[in-house]
Amino acid sequence: MFDTKIAIIVREDLAVWQKLNVTAFLTSGVLGANESLLGETYQDADGQNYSPLIIQPMIVLSTDGPGLTKIHNRALNRGARLSLYIEEMFKNGNDTANRAAVREVKTEDLKIVGLALREERKIVDKITKGAKMHA
């Protein structure tokens with residue numbers, strides 16, 4: 001059992017490919033914020049090596065746009081470290097353009113399609129209240 005919890009929250013009305021894309025990018029943000037989450041190399045019985053994975057389980061939740069805005073506000077009010085994905089990032093093909101897209105929008109005007117955070121378990125539960133397990 002971990003003292004912390006990793007939650008990824010995606011907007012429920014996205015296409016399946018968009019949900020998967022957002023989840024993958026947000027997962028990398030969680031790992032980028034804490035490299036100690038990266039485990040050791042995997043190896044099969046024949047000696048073939050595979051890249052390490054994050055050591056801590058994650059939950060993937062979904063909610064609507066207003067729900068994401070509430071979660072975003074709760075997280076900011078609690079000083080949680082967030083990974084963010086906004087609608088405009090679907091139009092870009094690189095990190096530089098994505099960062100520029102976020103930089104152009106005021107916090108209150110962000111069209112959030114996904115968030116991720118890793119904080120103390122109880123704090124994550126309070127921040128993500130109202131979101132449901134992704135089906």
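The values are calculated or read from the model by the stated rules, or taken from the named source; none is laboratory data. A quick note: this is a predicted structure, and the numbers were derived from the prediction, not measured. No Cβ is skipped: glycine too gets one built from the backbone with ideal geometry, and neighbour counts run over all protein chains shown. Just the protein is used for accessible areas: all its heavy atoms, side chains included, with ligands, DNA and RNA removed. Shrake-Rupley method; radii C 1.70, N 1.55, O 1.52, S 1.80 Å.
What whole-number value in Å² describes the accessible area per residue of the chain for a 1.4 Å probe?
Per-residue value: 63 Å².
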| Which longest run of the chain has no exposed loop site in it, a site being GluC sites (Glu not before Pro) in a DSSP loop with at most 12 other beta carbons within 10 Å, and the site itself not part of the run? | 41-103
| query | How much length is gained on full extension from ALA24 to ARG121, taking 0.36 nm per residue of separation minus their Cα-Cα distance? | reply | 32.8 nm
| query | Given the alpha-carbon gyration tensor of region 1-81, what are the semi-axes of its equivalent ellipsoid in whole angstrom, ordered largest first, with each equal to the square root of 5 times an eigenvalue? | reply | 29, 17, 10
| query | So, counting K/R as plus one and D/E as minus one, what does the shell of residues with Cβ under 10 Å around GLN18 add up to? | reply | 0
| remark: Checking SER83, SER62, SER28 against a Gaussian network model of the chain (alpha-carbon springs below 10 Å), the top fluctuating residue turns out to be SER28
| note | Neighbours of HIS134 by Cβ distance under 14 Å: Lys/Arg at +1, Asp/Glu at -1, summed charge 0
| Dipole magnitude of region 1-102, debye to nearest 20 (Cβ charges: Lys/Arg +1, Asp/Glu -1, about Cα centre) | 540
| Looking at THR27, LEU117, ILE71, which one has the Cα that reaches farthest to the positive end of the dipole of the chain (charges on Cβ: Lys, Arg +1; Asp, Glu -1)? | ILE71
| said: Quick check: pseudo-label points 7 Å beyond the Cα along Cα→Cβ at ALA97 and THR69, how many nm apart are they? | reply: 2.8
| said: Could you tell me the center-to-center distance, by alpha carbons, between region 1-34 and region 83-133 in angstrom? | reply: 9
| said: So for the chain, considering every pair of alpha-carbon atoms, how many percent are separated by more than 20 Å? | reply: 47
| Beta bridges by DSSP in the chain, antiparallel share as percent, to the nearest 5 | 75
| field | Angle between the chain longest axis and helix 65-77 axis [Cα atoms, degrees, rounded to 10] | value | 80
| Leaving out ligands, DNA and RNA, what percent of the accessible area of the chain is carbon and sulfur, probe 1.4 Å? | 50
| task | Could you pull out the pairs from LYS106/LYS132; LYS5/LYS91; LYS19/LYS132; LYS19/LYS129; LYS111/LYS132; LYS19/LYS111 whose alpha carbons sit more than 22 Å apart here? | result | LYS106/LYS132; LYS5/LYS91
